[in-house]
Each structure stands twice: as structure tokens, then as C-alpha cells.
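Here's the structure we're looking at; comments come further down.
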Amino acid sequence: MNPEQHRLILLDGGMGQELRRRSEHPATPLWSAQVMLDEPHLVTAVHRDFIAAGARVITTNNYTATPQRLARDGDPALFEALHAAALGAAHQAREQSGRAVRIAGCLPPLVASYHPEVVPDDATCRRDYRRLVEVQADGVDLFICETMTLTREALAATQAAVERALPVWVAFTVDDADGRRLRSGEPLAEAAQSVVAAGASAVLINCSVPEAVTTAMDELADLGMPFGGYANAFTSAADLPPGGTVDGLEARLDLDPAGYAAHACGWVERGATIVGGCCEVSPAHIAHLAERLSAQGYRLLSD
């Protein structure tokens with residue numbers, strides 16, 4: 001292995017589930033965005049803990065602050081305030097850490113995770129992803145279009161972000177039973193090629209079970225682009241309905257920090273250079289993964 005192959009980027013873990021563990025309030029359909037209103041100090045603390053664990057890219061806490069979700073579950077007038085608070089928390093954590101950390105802006109599914117059937121029409125996607133990009137662009141170092149279930153959804157998000165000339169990473173969520181396909185049923189390899197053609201500089205797999213991420217790594221290995229993954233630690237997330245809360249999801253007992261790291265190291269062995277965690281992956285998980293990768297001779301970088 002040459003020195004370049006020893007360079008890895010370590011992402012953070014799951015903000016929403018970590019906030020649930022720390023918050024004094026019950027989960028709501030707005031998930032982590034509600035905490036920006038009620039307990040914003042917790043968001044800064046979680047970012048800071050992920051950085052201390054070894055993460056060199058942290059993602060802003062605005063996953064549920066889309067126009068559609070706010071109209072359904074909250075107040076559309078909060079759109080700009082929630083994004084400003086999310087950016088402020090990430091910047092505060094980076095400053096407090098004193099470490100070279102990049103901040104990734106989040107471009108999430110507009111309506112719901114895991115449900116390609118509720119993705120809006122293309123014109124609406126383009127309009128609202130541009131809104132999300134515009135409100136974040138001046139405060140982030142890159143964008144991650146994450147938990148993308150459908151090629152056209154991912155393309156709309158990618159194209160909106162590319163317009164601001166920042167690096168764009170696209171993270172697809174795949175079928176937990178078949179990591180070669182998106183949750184829409186579309187072939188992952190074709191979806192990945194589409195977003196690369198649109199300007200994405202890395203392709204990832206997120207919020208799927210680790211075994212599906214492992215399968216997906218082989219589908220991405222021939223892209224000629226950086227690739228990687230950050231799995232969830234749920235038994236299954238596909239049954240979460242639009243507007244539902246995470247209270248109904250169950251964590252896997254086998255995915256403790258050591259168990260999760262074993263999967264993530266397997267992705268690296270398959271060529272992944274960007275790894276981290278999604279829902280139910282805590283700072284302790286990221287710390288264990290950082291220690292294991294460092295022990296194997298990898299250099300954990302922010303770019």
C-alpha cells in the first residue's frame with residue numbers, strides 16, 4: 001500500500017440519536033432540529049465530542065429543516081433561523097476544539113428518509129435544494145447530499161450544490177437486503193455514475209445496515225472517484241413512516257464500538273477512503289474506529 005492509500009477522512013456519527021440520549025425532551029417529527037430550538041447547547045457539545053473522538057468532518061444539524069418538513073411538522077418561518085443556529089453550533093464546536101475540521105452542509109431528503117415514493121417533482125426538488133444550498137453555502141466547506149433514495153433526487157441536490165463551486169459528496173441509502181440497489185430499486189452503480197457526471201467529487205453510502213454498505217463498496221470501487229460509507233446501527237429503518245419519530249426504531253446489540261469498527265475497517269480494505277457513522281453511531285464508536293485505523297497505519301485527515 002502506498003502512502004496515498006493510507007490517507008483517510010473520518011466523518012462524525014449520528015447527531016439525531018445522540019441528541020435523543022442527551023435531551024430532556026421526547027422525540028418529535030422534527031427530530032434534531034427541535035433541539036436547535038429547545039437545547040442548542042447540546043448540539044455544540046455533540047459536535048465537539050465527535051471532533052474529540054477523531055472526526056475531521058462534521059455535518060451541520062439541519063437534516064429535518066427542509067421546507068416540506070417544516071410545513072408538515074413545524075413552522076416554515078423557522079427555516080432561516082434553524083439553519084443559522086445549526087451553522088453557529090458547528091462553527092462554535094470547531095473553534096472550541098482548536099482542530100482542523102471541515103464543516104459539511106447537509107442536503108437531506110426533502111420529505112422523508114427511506115421513501116422514494118414521496119420525493120417531489122424535479123422542479124420542486126431543484127427549487128428547494130437551491131434554497132438549502134443558499135442558506136448554508138457561506139458557512140460550510142463542502143456539501144453532503146445524504147440519504148438519497150432516488151437518482152433524480154440526488155441529481156437535483158448535486159446540481160444545486162455544484163452551482164456554488166463547493167465540493168459535493170453524495171451519499172445514497174441502499175436496500176438493506178441488497179446493497180447493489182438504492183431503496184428505489186435503481187442500480188447503485190448507475191446512480192453513482194450519474195451524480196459523478198453532474199459534478200460530485202465523492203460517492204458514499206449512508207443510513208443502511210453495515211452489511212449492505214459492505215456490498216455497496218464493491219459497486220463503487222470502479223468509479224475512479226473517492227468513495228466510502230457511514231452506516232446506521234438500527235435493526236431496520238425502512239419501516240419508519242414519513243413524519244414518524246425514531247422512538248419506534250430498535251438498535252442492534254451487536255454494533256457496539258468494536259463491532260461497528262470491524263465493518264468500517266472492512267470498507268477501507270475494499271478501497272473506501274471516507275468512513276464514519278450514521279444513526280446510533282456515537283462518539284465512542286468514532287473514537288474506537290479512529291484508534292483502530294490509526295493503529296493500522298492510516299492517517300486521518302480532513303481533506
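In the list Ala161, Ala154, Ala137, which residue meets the criterion of being assigned to a helix (DSSP H, G or I) and surrounded by fewer than 24 Cβ atoms within 10 Å (Cβ to Cβ)? The unique qualifying residue is Ala137. Pick from region 215-234 the residues that are open to solvent by less than 30 Å² (accessible area, probe 1.4 Å) and more than 14 Å from the chain's Cα centre (by Cα): which of them is nearest to Asp256 (Cα to Cα)? The extreme case among them is Phe234.
Of all the numbered requirements in (1) in contact with a Cys (Cβ under 6 Å, 6 or more places away or on another chain); (2) in a helix (DSSP H, G or I); (3) within 17 Å of Asp12 (Cα to Cα), His91 misses one, and that requirement is (1).
Restricting attention to region 241-273, and to residues there that are at pLDDT below 95 and part of a helix (DSSP H, G or I), which single residue is surrounded by the most Cβ atoms within 10 Å (Cβ to Cβ)? So, considering only residues that are at pLDDT below 95 and part of a helix (DSSP H, G or I), the one surrounded by the most Cβ atoms within 10 Å (Cβ to Cβ) is Val246.
Residue check: Ser113 meets all listed conditions (1) over 23 Å from Leu166 (Cα atoms); (2) in contact with a strand residue (DSSP E or B) (Cβ under 6 Å, 6 or more places away or on another chain); (3) part of a helix (DSSP H, G or I) but one, namely (3).
Beta carbons closer than 8 Å, at least 6 apart along the sequence or on distinct chains, pair a first residue in region 166-180 that is surrounded by fewer than 22 Cβ atoms within 10 Å (Cβ to Cβ) with a second that is part of a strand (DSSP E or B) and among the aromatic types (Phe, Trp, Tyr) for Leu166/Phe143; Pro167/Phe143. The set of residues in region 72-85 being in a loop (DSSP other than H, G, I, E, B) and touching a residue at least 12 places away in the same chain (Cβ under 8 Å) consists of Gly74 alone. Meeting the requirement of 1 or more residues that are acidic (Asp, Glu) and open to solvent by 40 Å² or more (accessible area, probe 1.4 Å), the helices (runs of 4 or more DSSP H) wholly within region 1-71 are 32-38, 40-53.
Of all residues in region 112-124, exactly one satisfies the criterion of being hydrophobic (A, V, I, L, M, F, W, C) and within 12 Å of Thr151 (Cα to Cα), namely Val119.
Looking only at residues of region 274-303 that are in a loop (DSSP other than H, G, I, E, B) and hydrophobic (A, V, I, L, M, F, W, C), we find that the one that is least open to solvent (accessible area, probe 1.4 Å) is Val281.
The values are calculated or read from the model by the stated rules, or taken from the named source; none is laboratory data. Since the structure is predicted, the reported quantities are computational estimates derived from the model, not experimental observations. Reconstructed Cβ throughout: ideal geometry from the backbone, glycine too, with neighbour counts over all protein chains shown. All accessible areas refer to the heavy atoms of the entire protein, side chains included, with ligands and DNA or RNA removed. Shrake-Rupley method; radii C 1.70, N 1.55, O 1.52, S 1.80 Å.
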